[in-house]
Amino acid sequence: MNALLELHGAPTGNCIRAAIALEEAGLVYTVRLVDLSKGQQTGADHRSLNPAGKVPVLVERKGDGPAFVLTQSNAIIFYAAEKAPERLLPSAAGHRATVYERFFFFLTDVIAPGHSAFFLRGQGLHDGSARLVERMFSSIELAEQFVSADAYMAGSCFSIADIAAYSIVSSVEAGIPWDRLPKLRRWYERVGVRPSVARGFQAFSSR
């Protein structure tokens with residue numbers, strides 16, 4: 001029996017990353033838009049899937065049995081990768097470890113400081129926010145070395161590391177000193193024209 005996948009979310013970075021992973025894995029899924037401006041993420045229907053009231057949420061349904069639910073974007077990315085062997089994760093242990101290394105580099109050194117800076121800015125802590133933004137951009141510049149010899153962040157093939165990298169870089173591209181990062185620019189342009197990446201970015205905006 002074929003599984004039915006639903007991706008509940010909104011046009012946020014975390015949701016877009018999950019959508020790109022599903023697209024790149026070639027998985028068929030239905031988008032369920034959660035209107036954050038109307039507080040739908042805190043409604044009873046959504047909280048029945050994710051009590052924390054956050055997005056994205058991936059729901060896999062099979063027949064009349066209980067649904068399988070994932071409520072973390074990174075877990076959804078890994079789940080999609082495992083569903084499509086070698087599309088997003090290489091089979092060789094060493095190459096796979098490099099993908100993990102670069103993926104978590106972007107999570108911990110780029111995305112996490114960016115999210116924290118946004119939170120601090122909302123609390124009026126502008127100095128702390130500015131320092132985290134500086135750290136985020138410094139880490140992005142370091143990624144130039146990852147694409148100095150290869151087409152993608154962790155080698156010659158597109159992977160989950162590129163999903164994490166592209167989603168955050170695209171959100172702050174106006175502040176990146178591209179003239180100093182020609183190899184990163186080439187990578188950015190290469191990833192941006194991938195049909196699956198484009199579809200992932202549009203997954204929630206067209207609903």
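The values are calculated or read from the model by the stated rules, or taken from the named source; none is laboratory data. Computed from a prediction, not measured in an experiment: that's the story for all the values here. Cβ coordinates were reconstructed from backbone atoms using ideal geometry, including for glycine residues, and neighbour counts include every protein chain displayed.
Remarks
- When region 55-114 is filtered for residues that are outside any loop (DSSP other than H, G, I, E, B), hydroxyl-bearing (Ser, Thr, Tyr) and surrounded by fewer than 17 Cβ atoms within 10 Å (Cβ to Cβ), the ones remaining, listed by number, are 100, 108.
Per-residue answers, yes or no, for (1) of a type outside the set (S, T, N, Q); (2) in contact (Cβ under 8 Å) with a residue 40 or more places away in the chain; (3) assigned by TED's automatic domain parsing to the domain that holds residue 117:
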residue: 161; (1), (2), (3): yes, yes, yes
residue: 164; (1), (2), (3): yes, yes, yes
residue: 170; (1), (2), (3): no, no, yes
residue: 180; (1), (2), (3): yes, no, yes
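- Where a residue in region 17-35 is in a strand (DSSP E or B) and its partner, wherever it lies, is charged (D, E, K, R) and crowded, with 20+ Cβ neighbours inside 10 Å, with Cβ under 9 Å and at least six apart: 29/23
- Test for residue 26: is it within 20 Å of residue 200 (Cβ to Cβ) and surrounded by fewer than 20 Cβ atoms within 10 Å (Cβ to Cβ): yes
- Identity of the residue in region 103-120, free of Cβ contacts under 8 Å to residues at least 24 places away in the same chain and touching a Gly at 6+ places or on another chain (Cβ under 9 Å), that ends up nearest to residue 163 (Cα to Cα): 115
- The number of residues in region 32-51 that are under 18 Å from residue 75 (Cβ atoms) and surrounded by 11 or more Cβ atoms within 10 Å (Cβ to Cβ) comes to 6.
- Scanning region 20-79 for residues that are in contact with an Asp or Glu (Cβ under 7 Å, 6 or more places away or on another chain) and of a type in the set (Lys, Arg) yields one hit, 32.
- For region 134-150, filtered to residues that are surrounded by 15 or more Cβ atoms within 10 Å (Cβ to Cβ) and either of a type in the set (A, V, I, L, M, F, W, C) or under 19 Å from the mean Cα position of the chain (by Cα) (or both), the residue that is farthest from residue 114 (Cα to Cα) is 147.
- Residues that are in a helix (DSSP H, G or I) and out of contact with any helix residue (DSSP H, G or I) (no Cβ under 7 Å at 6 or more places or on another chain), drawn from region 36-54: 36, 37, 38, 41, 42, 44, 45, 47
- Any hit, region 121-131, residues being touching an Asp or Glu at 6+ places or on another chain (Cβ under 9 Å), among the aliphatic types (A, V, I, L, M) and free of Cβ contacts under 8 Å to residues at least 40 places away in the same chain: no
- Residue in region 8-21 that is closer than 21 Å to residue 82 by Cβ and surrounded by fewer than 16 Cβ atoms within 10 Å (Cβ to Cβ) present: no
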